[in-house]
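Peer 1: One structure coming up, written as structure tokens, with questions to follow.
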Amino acid sequence: MGGRGGIGEFEHLVLLVVLGLGDEAFAPTVAERLKRDANRSVTRGALYSTLNRLESKGLLVWTPEEPGEGRGGHIRRRFGVTEAGVDELRERRATLETLWSDVGARLDGGTS
Amino acid sequence: MSGVVAIVDRILAFVLPPGAASEAIRGDLSQEYRDRRARGTVRAGAWYAAQAVSVVLWAVSDRVRGRTWRGREEEPRPGARLIEPSAMVRDGLRVFRRDPGYAASVVVTLGLALATTITVFTAVRGVLLHDLPYPDGERIVRIDRVTDGVIGNGGVSYPDYLEWAAGISSYEAMLAHSGWEGTYIADGVAELWDGITITPGFLDVFGVRPAAGRGLDETNAQPGMRSIMISFDLWQRRFGADPSIGGRSITIDEEPWTIVGVLPEGFEYPDAHVDAIAPLADGSYLESRGAGFLEVLARVSPDATTEAARAETDALVAAIDAEFNENREGVAVRSYADTKVAPVRRMLGLFMLAVTLVLVVACANVSGLSLARTEGRRGELSVRRALGAGRGRVVRQLLAESVVVAVVGGALGLALSFAGVRLLLALAPPDLPRRELIAIDPVVASFALAAAVGAGVLFGALPALRGASAPTTSTLRGGRTVAGRASRTQEWLAGAQIALAVVLLSAASLLVRSSGALDAVDPGFDAADRLVVEVGLPPSRYSSADETLGFHRRLLEGVRGLPGVVDAGLSTHLPFGRGYLQAVMLKQDQPFIRGEVPVIGLEMYSGEYFRALGLPVLRGRAASLDLEQPRQVVLNEAAAEELFPGEDALGRRVSFDVEEGQPSPDSTMYTVVGIVPSVRSQSLTDDLGSVAYYYLPDIRRQYSFSSGRAFRLVVHTEGDPLSLATPVRELLLDLDPALPVRDIQTMEALVRRTTLAPRFRSSVVAVFSLLALGVAFVGVYAVMAYGVSRGRREIGIRMALGASTTGVRRGVLTRASRVVVLGAGLGVGTAWMAGPVLADFLFETSPRDLGSLGTVLLVAIVGSLVAAWVPAARASSVDPARVLRDE
């Protein structure tokens with residue numbers, strides 16, 4: 001999937017969440033959204049590792065922002081999905097939709 | 001930012017690669033910590049530490065796999081700090097190969113200390129840091145009356161509750177409950193239940209749904225409805241988890257009741273033992289504002305804060321009190337979670353303090369060892385410096401070694417703490433709240449790792465800085481300029497260990513002494529060779545006085561006929577048992593004015609009760625069915641003194657049947673016929689309470705209030721009381737096969753139960769203090785042994801010049817005693833100053849007990865000098881010729 005060594009299931013979720021959050025895609029918000037919408041409690045270590053990995057695969061970028069309150073003066077990183085990242089998501093959705101169209105009726109209808 | 005968080009942040013700054021990405025990560029964690037602090041500083045701190053550990057672990061693991069955390073657009077600045085975690089780990093592991101003795105000492109010492117820390121942290125996490133098992137449990141508050149400045153002293157009245165529930169908009173749900181004891185019979189098996197009666201809709205306060213059936217509602221609360229909910233455990237145990245249980249009929253106290261639903265799993269209000277919950281029963285007592293017997297809980301609604309709810313509650317209560325309740329002191333609104341664990345919070349705080357001391361002693365100890373080892377490697381380190389390794393690089397290498405060894409120690413500690421937790425739970429008093437949550441889990445494991453890393457940095461810092469600050473040229477030339485300084489630092493460290501161990505040992509000795517003082521308290525009655533049994537009589541079958549008294553008589557006759565029984569009696573309440581009852585008491589012709597009349601404990605007894613408890617009748621006689629003079633009462637000395645100070649109570653008349661402003665009618669007066677010694681009624685720390693003893697066959701002619709109440713049988717036996725447990729149980733079931741019988745135990749066990757918590761506290765702290773002391777003794781031994789091995793040449797020369805072996809030995813011991821006396825003195829001084837911290841835990845023991853402190857001082861000094869004796873003896877056996885030849 002994609003020419004960049006592919007992405008795993010969790011990376012897929014993180015990409016989707018970052019894309020969905022738009023201008024609000026900071027690491028703590030991403031963690032919160034993963035918990036709320038995907039019911040995934042993630043340690044911050046695993047989250048930062050994933051964000052870095054997606055960045056080095058060229059699917060994510062970040063821009064530094066002014067530090068807000070309570071951050072000890074440290075900058076914030078606003079994440080954004082790159083064109084390549086959006087392509088990757090499109091490709092994944094297409095694959096999933098193809099696969100789902102085969103089994104969807106069976107699951108919904110409950111017939112054997 | 002709190003202290004610990006600031007330290008962890010510094011560690012992150014050190015470990016993560018420099019750059020904007022790392023900076024942003026530290027900022028994120030600080031920000032999230034700050035946001036979480038609103039829900040409790042300790043929990044937020046634990047979360048922060050666990051996340052920081054995860055960040056470090058992932059950074060290291062990514063680094064090992066060749067992934068960078070630096071971000072692609074940033075190039076490393078020239079001269080930037082480079083971290084090579086894998087290389088550091090490799091360096092660290094090398095210690096085990098090169099210096100296995102040193103590594104093993106550090107691992108064992110730190111492992112033992114960390115095991116205690118992890119064990120206590122596990123308990124703290126289980127009891128204090130877990131959420132309540134209800135959604136948004138932090139929004140549940142408890143509302144208590146304040147009386148005489150004491151929160152919860154006197155409950156809430158039903159009229160008050162109704163107005164609060166209707167009038168405070170900050171709460172979305174509120175409940176009030178009262179205790180209830182029922183006898184339940186199914187399939188011929190009888191059980192005594194612990195239940196509560198509660199206001200309908202109580203499940204909304206907890207935000208939970210029934211596991212089966214439905215909850216109690218207003219219709220269930222109508223008079224005569226007899227509806228209950230049963231506990232999840234009872235549902236599983238007695239009804240095979242039948243999903244269609246709703247609507248099923250069962251018999252309680254021989255009357256038909258309907259089970260409407262099952263409480264959800266893990267529901268533990270008011271505690272984990274609750275078997276059944278029924279609607280608050282109707283009755284005139286509900287209408288009185290003066291009858292405060294309810295416990296009130298409420299859920300703060302999502303659009304209000306606890307502070308707003310508190311302010312609104314205070315305002316309404318003040319308005320109600322101004323109108324109806326004079327002399328009331330308002331209410332306290334507290335977090336329900338906090339009130340549940342409040343009794344053990346201080347104890348766990350004490351343990352946490354103790355294990356921190358143990359850990360610091362252990363760190364000081366291994367720091368001394370590490371310092372000695374660094375001195376031994378001075379040559380190697382100087383070569384590295386001379387070859388161009390920067391100071392920072394050497395510090396990092398030495399620190400990495402310490403941290404790696406400490407982490408291995410932490411792994412040992414974690415392994416040992418599995419046994420530690422089991423031991424702690426075995427020793428802990430059975431009423432320790434939330435004990436089922438005390439278990440080692442990933443958060444505890446993260447804590448263990450963080451504590452180990454912290455310990456590694458703590459003990460490794462000094463040796464690392466020392467090792468890197470070598471005056472390189474002189475060392476390379478073989479000079480010894482720094483040896484003296486190093487051993488002086490080690491002596492300081494050994495002195496500090498002794499000082500801290502002495503502080504801990506002093507605390508332990510005070511607690512043990514206090515526990516001993518508690519054991520020595522005379523309960524006022526004879527607890528040895530007594531068997532006690534709790535029996536519940538179903539009120540419907542034993543409703544009349546004849547039926548109850550007939551049963552009592554048959555039972556007492558039967559028990560007295562058993563072989564090995566000396567005496568037997570029964571009472572509605574036994575000292576140290578359940579069923580404690582109190583009432584106001586009036587003298588003849590005394591009008592009743594609330595607050596001006598003494599409150600006296602009431603017991604109703606039968607059979608040879610006083611003899612069975614070993615209580616001599618001091619004056620007069622025990623009550624009897626004396627038709628010449630009916631209505632008799634026996635007072636204990638405290639009651640006689642309280643009611644008739646300085647007068648003779650015998651022959652005087654008293655009544656507990658009172659009406660506001662009036663003297664009691666003559667027909668309710670009972671005549672004092674005997675005086676017995678006072679006993680402690682609830683625990684050994686109680687004062688000797690005032691009690692009036694009524695003779696059941698006598699009082700039952702007039703009052704029926706004891707019908708249906710459980711009673712307690714006490715049997716004085718020859719030899720082991722438990723050998724009579726089975727015969728007594730068989731006798732009871734023989735008399736009535738449907739009787740619920742529970743809690744057959746010895747009187748001694750009943751008394752001992754109240755001393756379990758103090759005994760637990762003192763034994764845990766004692767174990768920790770002995771560990772600290774042992775480590776400190778090893779520390780003294782090590783520093784002296786090191787001094788002797790470094791000073792062999794000097795000793796050899798002195799001996800060659802004619803110094804005696806005694807003189808050499810005395811020299812070593814003098815040096816040791818300087819360290820030890822200073823450390824122990826400092827420790828005792830600290831203990832003397834800090835003693836009052838323990839005051840709340842002590843019973844009839846001064847927090848500055850000179851005897852205890854003196855003993856501790858002696859033990860510490862003698863023990864340390866024994867530890868120093870071995871190196872001293874080795875010093876005196878140095879062979880001067882050989883030493884000089886080796887040089």
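Peer 1: Tell me which residues, restricted to segment A:22-39, are free of Cβ contacts under 8 Å to residues at least 24 places away in the same chain and either away from chain B (no Cβ under 13 Å) or buried (at least 22 other Cβ atoms within 10 Å of the Cβ) (or both).
Peer 2: Matches in segment A:22-39: A:22, A:24, A:31, A:33, A:34, A:36, A:37, A:39.
Peer 1: Look at residue A:58 and say whether it is open to solvent by 20 Å² or more (accessible area, probe 1.4 Å) and either more than 10 Å from every other protein chain (Cβ to nearest Cβ) or of a type in the set (Gly, Ala, Ser) (or both).
Peer 2: It is true that residue A:58 is open to solvent by 20 Å² or more (accessible area, probe 1.4 Å) and either more than 10 Å from every other protein chain (Cβ to nearest Cβ) or of a type in the set (Gly, Ala, Ser) (or both).
Peer 1: Moving on to the next point. I'd like the full set of residues that are in a strand (DSSP E or B) and open to solvent by 10 Å² or more (accessible area, probe 1.4 Å), limited to segment B:153-176.
Peer 2: Of the residues in segment B:153-176, the ones in a strand (DSSP E or B) are B:156, B:171-176.
Within segment B:153-176, B:171, B:172, B:173, B:174 qualify.
Rundown of residues vs (1) farther than 20 Å from residue B:450 by Cα; (2) in contact with an Asp or Glu (Cβ under 9 Å, 6 or more places away or on another chain); (3) among the acidic types (Asp, Glu); (4) in a loop (DSSP other than H, G, I, E, B), yes/no style:
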position: B:333; (1), (2), (3), (4): yes, yes, no, no
position: B:337; (1), (2), (3), (4): yes, yes, no, no
position: B:362; (1), (2), (3), (4): no, no, no, no
position: B:367; (1), (2), (3), (4): no, no, no, no
position: B:380; (1), (2), (3), (4): yes, no, yes, no
position: B:389; (1), (2), (3), (4): yes, no, no, yes
position: B:407; (1), (2), (3), (4): no, no, no, no
position: B:421; (1), (2), (3), (4): no, no, no, no
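Peer 1: Just checking, which of B:686, B:734, B:698 is assigned to a helix (DSSP H, G or I), acidic (Asp, Glu) and open to solvent by less than 70 Å² (accessible area, probe 1.4 Å)?
Peer 2: On inspection, the qualifying residue turns out to be B:698.
Peer 1: Okay, moving on. Select from segment B:696-710 the residues that are among the charged types (D, E, K, R) and at pLDDT below 80 and write down the one among them that is farthest from the chain's Cα centre (by Cα).
Peer 2: Ranking the candidates gives B:701 first.
Peer 1: Also, I was wondering about something else. Which of the residues spanning segment B:650-683 are in a strand (DSSP E or B), modelled with pLDDT of 85 or more and of a type outside the set (D, E, K, R)?
Peer 2: Result: B:654, B:655, B:670, B:671, B:672, B:673, B:674, B:675, B:676.
Peer 1: Return the total of residues in segment B:585-631 being open to solvent by 50 Å² or more (accessible area, probe 1.4 Å), within 35 Å of the chain's Cα centre (by Cα) and under 27 Å from residue B:533 (Cβ atoms).
Peer 2: Result for segment B:585-631: 0.
Peer 1: While we're looking at this one, here's another question. Just checking, which of B:551, B:525 is aromatic (Phe, Trp, Tyr), under 30 Å from residue B:567 (Cα atoms), outside any helix (DSSP H, G or I) and at pLDDT 85 or above?
Peer 2: Answer to the check: B:525.
Peer 1: Same structure again: Could you run through segment A:40-55 and say how many residues are at the interface with chain B (Cβ under 7 Å from one of its Cβ atoms) and either in contact with a His (Cβ under 9 Å, 6 or more places away or on another chain) or small (Gly, Ala, Ser) (or both)?
Peer 2: Number of matching residues: 3.
Peer 1: Follow-up. Quick one: residue B:27 ticks every box in (1) of a type outside the set (Phe, Trp, Tyr); (2) buried (at least 22 other Cβ atoms within 10 Å of the Cβ); (3) away from chain A (no Cβ under 12 Å) bar one, so which box is it?
Peer 2: (3)
Peer 1: Anything in segment A:63-87 that is open to solvent by less than 20 Å² (accessible area, probe 1.4 Å) and facing another protein chain (nearest Cβ under 9 Å)? List them, or say none.
Peer 2: A:71, A:77
Peer 1: Please verify whether segment A:11-19 includes one or more residues that are aliphatic (A, V, I, L, M), within 9 Å of chain B (Cβ to nearest Cβ), more than 27 Å from residue B:442 (Cβ to Cβ) and touching a strand residue (DSSP E or B) at 6+ places or on another chain (Cβ under 9 Å).
Peer 2: So far as segment A:11-19 goes, no, none of its residues is aliphatic (A, V, I, L, M), within 9 Å of chain B (Cβ to nearest Cβ), more than 27 Å from residue B:442 (Cβ to Cβ) and touching a strand residue (DSSP E or B) at 6+ places or on another chain (Cβ under 9 Å).
Peer 1: Residue check: is residue A:90 more than 8 Å from chain B (Cβ to nearest Cβ), farther than 24 Å from residue B:63 by Cα and touching a Leu at 6+ places or on another chain (Cβ under 6 Å)?
Peer 2: no
Peer 1: Further question on the same structure: With surrounded by fewer than 17 Cβ atoms within 10 Å (Cβ to Cβ), touching a Pro at 6+ places or on another chain (Cβ under 7 Å) and in a helix (DSSP H, G or I) as the only criterion, which of B:785, B:839 stands out?
Peer 2: That would be B:839, the only listed residue that is surrounded by fewer than 17 Cβ atoms within 10 Å (Cβ to Cβ), touching a Pro at 6+ places or on another chain (Cβ under 7 Å) and in a helix (DSSP H, G or I).
Peer 1: What are the residues in segment B:1-24 that are within 12 Å of chain A (Cβ to nearest Cβ), small (Gly, Ala, Ser) and outside any helix (DSSP H, G or I), if any?
Peer 2: Residue satisfying the conditions is B:19 alone.
Peer 1: For segment B:542-553, state whether one or more residues are farther than 14 Å from residue B:696 by Cα, aliphatic (A, V, I, L, M), out of contact with any Asp or Glu (no Cβ under 9 Å at 6 or more places or on another chain) and crowded, with 18+ Cβ neighbours inside 10 Å.
Peer 2: No, because not a single residue in segment B:542-553 is farther than 14 Å from residue B:696 by Cα, aliphatic (A, V, I, L, M), out of contact with any Asp or Glu (no Cβ under 9 Å at 6 or more places or on another chain) and crowded, with 18+ Cβ neighbours inside 10 Å.
Peer 1: Can you pull out every residue in segment B:30-59 that is part of a helix (DSSP H, G or I) and more than 10 Å from every other protein chain (Cβ to nearest Cβ)?
Peer 2: Hits for segment B:30-59 are B:36, B:38, B:39, B:41, B:42, B:43, B:44, B:45, B:46, B:49.
Peer 1: Which residue is farthest from residue B:305 (Cα to Cα), if the candidates are limited to segment B:30-62 and must be crowded, with 18+ Cβ neighbours inside 10 Å and of a type in the set (D, E, K, R)?
Peer 2: B:62
Peer 1: Which numbered condition trips up residue B:712, out of (1) in a loop (DSSP other than H, G, I, E, B); (2) in contact with a His (Cβ under 9 Å, 6 or more places away or on another chain)?
Peer 2: (1)
Peer 1: Based on this model, can you work out whether residue B:764 counts as among the β-branched types (Val, Ile, Thr) and open to solvent by 30 Å² or more (accessible area, probe 1.4 Å)?
Peer 2: no
The values are calculated or read from the model by the stated rules, or taken from the named source; none is laboratory data. Model, not experiment: these values are computed from the prediction. Glycine also receives a Cβ, built like all others from the backbone with ideal geometry; neighbour counts cover every protein chain displayed. Accessible surface areas use protein heavy atoms only, side chains included; no ligands, DNA or RNA. Shrake-Rupley method; radii C 1.70, N 1.55, O 1.52, S 1.80 Å.
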